[in-house]
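Structure first, commentary second.
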Ligand code: NAD
């Protein structure tokens, strides 16, 4: 039996004991997960520095705080989320108990990505534990140092119920042959299709947290200085390797130079004149992605940056101007610090540009005109829409986080994680008295009964 089969079998046997059902057990596991994060803070920070050149403070701010917030919320709200949910009754069921009872699904497979390796792997685990499931966790092999730290999870959690399997594509493919009760995948749309195909063989439901090109429309009626500050932050954080980073800017040609100037000023302010030597500027995860990103610049006009150092996987914060829709950089998700500007002739054309492409994970609009924002909301579709800021919707647990169409299916965060990884079971409890009420539904179906 392979290591992957064994992990799934152990998790299933643990689940079948029923010990993950009591809420006390789930809360204890969530508290242990929090203890893991606390006690391993330094190990996590060191691993993240090696994998992505993140500083300890950036790791704390953009990975750990959110995860802790999700754990605290689940612990404080679990009793409410897991309680029976009464529903409206019909005349025929007026005397019955009718409610929705959330119940665990079984064994959940969680496949994480490398860009925020702790957040995108362990936040789904919070939902899996809270909902009473067993889980097999597969961290991304690409962020190998962080994956190594996650191997220590079974020292903190019930080691049979929560398994960690490390490895690359062959190990993930072996896992995908097994039967799960839910698969929660974060990563590219290409692999997302393989995951969905494998899941279909067992009729396993999936959550796919994917990516794509998230557009950012800058209206000429807005404070361009403030807009560019927020865009620069959202784009170059983690060296552009953020699933909800603004992928490209759409704006009118009359404001292009101002946008470039303002972004230039922000890059200098945030990362100094020498981002390469600056501690808070990241690196591309590996040489394969470095080469892929550098190739995307070919054929476009560099307005800012453009320099790189392959030996360090360093790519400067870069802006491309007057980019054409047919250029290389517009053919795939950039997932790096390259920001193309595409000229459109106003809002209508921007909306058309967005609607001609796949539905994005996030859509950003900067405008001081409410009507313009409302029009963008009503005439487009995306996983999320944020006006006058970037990324911050990720931090709100009450907002479902996920894509639509090719940017993903399903959602999570807060109660959405709990519901996503629960079966919402319909329950109707009738008593065996009051049989008279039921006469009208029994044959013979006379006209008299219809009148009743
Ligand atoms: P990745 O290469 O780490 O792959 C993700 C997971 O898929 C890994 O665990 C890996 O082992 C597995 N995998 C890779 N190739 C496979 C194959 N052929 N068969 C089976 N399993 C395979 O990460 P990635 O895909 O490069 O991640 C980047 C993408 O993830 C971007 O598109 C980004 O937008 C997206 N992303 C989305 C979110 C979100 O929340 N929606 C978050 C982070 C990243």
Among residues of the stretch 407-437, those that are over 48 Å from the mean Cα position of the chain (by Cα) and without any contact (Cβ under 8 Å) to a residue 12 or more places away in the chain, counted: 3
Cross-chain or 6+ apart pairs with Cβ under 8 Å, the stretch 127-140 first and over 10 Å from residue 109 (Cβ atoms), then surrounded by fewer than 24 Cβ atoms within 10 Å (Cβ to Cβ) and modelled with pLDDT under 95: none
Single match in 256, 264, 268 (criterion: away from the ligand (no atom under 16 Å from the Cβ), more than 29 Å from the chain's Cα centre (by Cα) and under 25 Å from residue 382 (Cβ atoms)): 256
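Condition check ((1) closer than 18 Å to residue 147 by Cα; (2) assigned to a strand (DSSP E or B)) across all residues:
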| position | (1), (2) |
| --- | --- |
| 163 | yes, yes |
| 167 | yes, no |
| 176 | no, no |
| 193 | no, no |
| 198 | no, no |
| 204 | no, no |
Residue 77 touching a residue at least 40 places away in the same chain (Cβ under 8 Å) and surrounded by fewer than 17 Cβ atoms within 10 Å (Cβ to Cβ): yes
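To keep it simple, each residue is scored yes or no on (1) under 23 Å from residue 207 (Cβ atoms); (2) within 16 Å of the ligand (Cβ to nearest atom); (3) exposed (fewer than 14 other Cβ atoms within 10 Å of the Cβ); (4) within 22 Å of the chain's Cα centre (by Cα).
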position	(1), (2), (3), (4)
22	no, no, yes, no
53	no, no, no, yes
61	no, no, yes, yes
82	yes, no, no, no
94	no, no, yes, no
Filtered residue count, the stretch 331-351, keeping only those that are touching a helix residue (DSSP H, G or I) at 6+ places or on another chain (Cβ under 9 Å) and either at pLDDT below 95 or not in a loop (DSSP other than H, G, I, E, B) (or both): 10
Check on residue 146, part of a helix (DSSP H, G or I) and near the ligand (Cβ under 8 Å from one of its atoms): no
Failed item, numbered, when residue 375 is tested on (1) more than 30 Å from residue 98 (Cα to Cα); (2) surrounded by fewer than 16 Cβ atoms within 10 Å (Cβ to Cβ); (3) more than 16 Å from the ligand (Cβ to nearest atom): (2)
Filter result (touching a strand residue (DSSP E or B) at 6+ places or on another chain (Cβ under 6 Å) and either without any contact (Cβ under 8 Å) to a residue 60 or more places away in the chain or assigned to a helix (DSSP H, G or I) (or both)) within the stretch 354-379: 354, 373, 376, 377
Lone qualifier among 395, 380 - being at pLDDT 95 or above and touching a helix residue (DSSP H, G or I) at 6+ places or on another chain (Cβ under 7 Å): 380
Checklist (1) under 30 Å from residue 100 (Cβ atoms); (2) buried (at least 17 other Cβ atoms within 10 Å of the Cβ); (3) more than 15 Å from the ligand (Cβ to nearest atom) applied to residue 410, failing item: (3)
Among the residues listed as 57, 72, the single one being away from the ligand (no atom under 16 Å from the Cβ) and more than 21 Å from the chain's Cα centre (by Cα): 57
Of the criteria (1) closer than 28 Å to residue 423 by Cα; (2) part of a helix (DSSP H, G or I), which one residue 88 fails: (2)
Residue that is nearest to the ligand (Cβ to nearest atom), among those in the stretch 382-404 that are in contact (Cβ under 8 Å) with a residue 24 or more places away in the chain and more than 17 Å from the chain's Cα centre (by Cα): 389
Selection count, the stretch 105-140, where residues are touching a helix residue (DSSP H, G or I) at 6+ places or on another chain (Cβ under 6 Å), farther than 19 Å from residue 206 by Cβ and near the ligand (Cβ under 9 Å from one of its atoms): 3
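For (1) closer than 30 Å to residue 352 by Cβ; (2) touching a strand residue (DSSP E or B) at 6+ places or on another chain (Cβ under 8 Å); (3) within 10 Å of the ligand (Cβ to nearest atom), each residue gets a yes or a no:
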position	(1), (2), (3)
182	no, yes, no
195	no, yes, yes
201	no, no, no
204	no, yes, no
209	yes, yes, yes
212	yes, no, yes
215	yes, yes, no
Unmet requirement for residue 154, which otherwise passes all of (1) over 21 Å from the mean Cα position of the chain (by Cα); (2) surrounded by fewer than 22 Cβ atoms within 10 Å (Cβ to Cβ); (3) farther than 14 Å from residue 47 by Cβ; (4) within 15 Å of the ligand (Cβ to nearest atom): (4)
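The values are calculated or read from the model by the stated rules, or taken from the named source; none is laboratory data. Note that the structure is predicted; figures quoted are calculated from it, not measured. Quick reminder, even Gly has a Cβ in these numbers, built from the backbone with ideal geometry, and neighbours come from all protein chains shown.
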